[in-house]
Amino acid sequence: MNFKQVKRLFIANRGEILRRIALSAQKLGIETAALFQGSEIPSYLQGGLVNYFRLSSSEDVKDYLSIEKMIATAKELGCDAVHPGFGFLSENAEFAAAVIKAGLIWVGPPPAAIVKMASKATASEIADELKIPRVQSFKNITAANIDVMMAEVLAFGEGCGYPLLIKAAYGGGGKGMRVVQNQESLREALIRGASEAKNSFGNDLLVVEKYLPSTRHIEVQILADSQGQVAVIGDRDCSIQRRHQKIIEEAPAPGLKIETRKALHHAAKRLAESVGYQSAGTVEFMLAENNGEQKFYFLEMNTRLQVEHPVSEEVFGIDLVAAQLNIAMGQPLPDYQRSLMPRGHSIEVRLYAEDPENNFFPSPGLVYYFDPMQGPGVRWELGISSGEEITGSFDPMFAKLVVWDEDRNLAIDRLCQALKQTIFFGPKNNLSFLEQVLRDSDFKALKFNTHFLQDKIAVYCENITTLRHSLEDDIAVILAHPPQKSSGEKVQLGAGELSQYIYGNGDPLGGINKSAAGDNRAAQTFHYNLRNQIYFSQSKGSVTKGFRKLDQDKFAPFCYAEYNNAQEFKKFIHFEGQVFTVVEAKELGLTDSGSSELRSHDIESPVPGKIIMVACHEGKEIAKGERLFVLESMKMEYEISASITGTLTKILVKEGESVVANQTLAHWD
């Protein structure tokens, strides 16, 4: 047995997965190293979790897609092993081979196995050889050969019928994925899909397959060692998706029949064994159910650690990252199959800086304050903290919340409580939206598929709006009588200051008898209670939490903070799981939009990003809803369309140009 001890591990990734890997490495006595970008060390590298790191001069996703830079940095930092995390180069066989050639230990599957399984095209051929059912597909499309291949792709679409699904052959997370409803939109969808795939994974190879809308997304977790042992570590359901990207995952997959589960596990194990797989991997399937009969179809294999791996860890008590490291060092797997039994139920939600009411458009920006709710059965995977910026350069996911409980219903309740009590003052996000999904009776009753959210989004957003309206009187009362400001120091936060508060005049339960203006209810008593101070990782400051007395026996907690800079004064209130923000602009001679020159018909960039397509020209008559620009932000592509009819008079940007939020892109009449 060839055992190799890893002493210092380079983690070729960033954010919450970097922290997650470093925690397991530290537990095994392995030092860690990483690359970081920007002028300040991010929170996920602080606290001694990462021992060594190298600064990159700019914040650029290309650093994480550069094989040469990653290996050079690992060697400069004295590392003897590399873990790729997920995304970026994690399923790149060339990267794996280069790491091994450089004399470093690769924490992942052999390059040959990645070549066979990381490509959706090759994996489908292996599934055919093993007689594992799958959907029809067409492969080997790249940006360079789209026009050459169009006739064949059109023939494939005509043969199997629309809709079709375009996928990045070496990707995941919804990047490069497009549903095509007809042949007229096929070519452009291929072009856009190839562009996203290249930007996210460094490879623009695409696969086109028949799209099955009424299916669930089921995946099987495996571990395999260098001695040829393959263990199945249960299954997960990942059907709740938006833009083909998972937002809720759970283990075990609920509602599977015993024979279906056994067949899924057997198929996953055979696939792994057929390619000599090693390390952690996930085999994904689509599950269709009709009149009580369950059928599954092979989808793809992810030759890496999955974003949703924590739910499997929670129900099986296995550290999958530690297992990866042990396998990479040559250790055999324990005899899992003799004693491996799932315990309870675990659910994970992904927290995104995005606007559910605007087609989940990305929403980067400053995180003024972030206080994740803690408690039994609650686990956080964090990539950001108070005082840090969520940038437009990377994926909009900034944290994962994972819960465990004895059964699925209890886990749902615990997760809803954790979401409701988590305080996040920052960019628009999906916390309230996630709670709406979890509380949906159809979700609880397993009446869902991968299309579940498509018809529910408007209802969820309307529910949130109704809830917020019902709280407006309470918010008015809080705004009329906020906690008393302390005489202590102000917290420097970005270009402004966040004020620190205490409650009452030194009396933590000092009450004031007041009522809000225009409120015809009885006068309400406020009780403020000092919360333990929580310090920012970079800028030492705190926000405390107060309590409003609703009646004799009930208290409703709220958190209040103020942010002050040269341009604006902001007040934040977290109440009943909702965040209310009041912005008062300073008098700087600006219009409501923040620009003295901006006209109502000008077109702005909603977020920072890069212009990848200008679909209009000066002097053109523009119809309402017509596409004007395509913007890349947070590794996804978004269309900017005309909100009214008009004529363009001036285009101010060109393709390839980077833009900031609210930058004027064009003028029109």
With θ taken as phi - 60° and the coefficients 6.51, -1.76 and 1.60, list the Karplus ³J(HN,Hα) couplings across the stretch 463-478 in order, rounded to whole Hz; mark glycine and proline as x. 4, 5, 4, 4, 4, 5, 4, 5, 9, 4, 5, 5, 5, 4, 5, 5
Calculated FRET efficiency for the pair Met373/Glu259, C-beta based, R₀ 51 Å, to 0.05: 0.80
Which entries of Lys69/Lys400; Lys246/Lys428; Lys175/Lys444; Lys62/Lys444; Lys246/Lys420 have Cα-Cα distances beyond 30 Å here? Lys62/Lys444
Scoring only Lys, Arg, Asp and Glu (+1, +1, -1, -1) among other residues with Cβ under 11 Å from the Cβ of Lys571 yields -2
Shape verdict for the stretch 346-469, please, from the Cα gyration tensor: rounded (a/c under 1.5), prolate (a/b greater than b/c) or oblate. oblate
If one computes the Cα centroid of the stretch 122-145 and of the stretch 7-29, what distance in Å separates the two points? 34
Return one quarter of the surface area of the convex hull spanned by the alpha-carbon atoms of the stretch 136-210, equal to its mean projected area, in nm². 4.1
Please report, in debye to the nearest 20, how large the charge dipole of the stretch 325-371 is about its Cα centre when each Lys and Arg carries +1 at its beta carbon and each Asp and Glu carries -1 there. 400
With each pseudo-label sitting 7 Å past Cα toward Cβ, what's the Arg627-Tyr162 distance in nm, one decimal? 1.4
For Ile191, Ile105, Ile17, which order do you get if you count the other beta carbons within 10 Å of each Cβ and list the fewest first? Ile191, Ile105, Ile17
With a ≥ b ≥ c the root eigenvalues of the C-alpha gyration tensor of the stretch 95-177, is it rounded (a/c under 1.5), prolate (a/b larger than b/c) or oblate? prolate
Among rounded, prolate and oblate, which fits the stretch 8-107 when a ≥ b ≥ c are the square roots of the eigenvalues of its C-alpha gyration tensor, a/c under 1.5 means rounded, and a/b larger than b/c means prolate? oblate
For the stretch 659-665, Karplus couplings with θ = phi - 60° (6.51, -1.76, 1.60), whole Hz, Gly/Pro x: 10, 9, 4, 6, 6, 6, 9
What residues of the stretch 220-253 lie in the reach of a label at His451, counting those whose backbone N is under 20 Å from a point 7 Å from the Cα along Cα→Cβ? 238-248
Residue by residue, what Karplus-based ³J(HN,Hα) values in Hz, rounded to whole numbers, does the stretch 355-363 have, using 6.51, -1.76 and 1.60 with θ = phi - 60° and x for Gly and Pro? 10, x, 7, 10, 6, 6, 5, x, 9
Determine, for Lys650, Lys456, the number of other Cβ atoms within 10 Å of each Cβ, and report the residues in order from fewest to most. Lys650, Lys456
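Rule-based calculations on the coordinates, nothing more; no lab input. Note that the structure is predicted; figures quoted are calculated from it, not measured. Backbone-built Cβ (ideal geometry, glycine too); neighbour counts: all protein chains shown.
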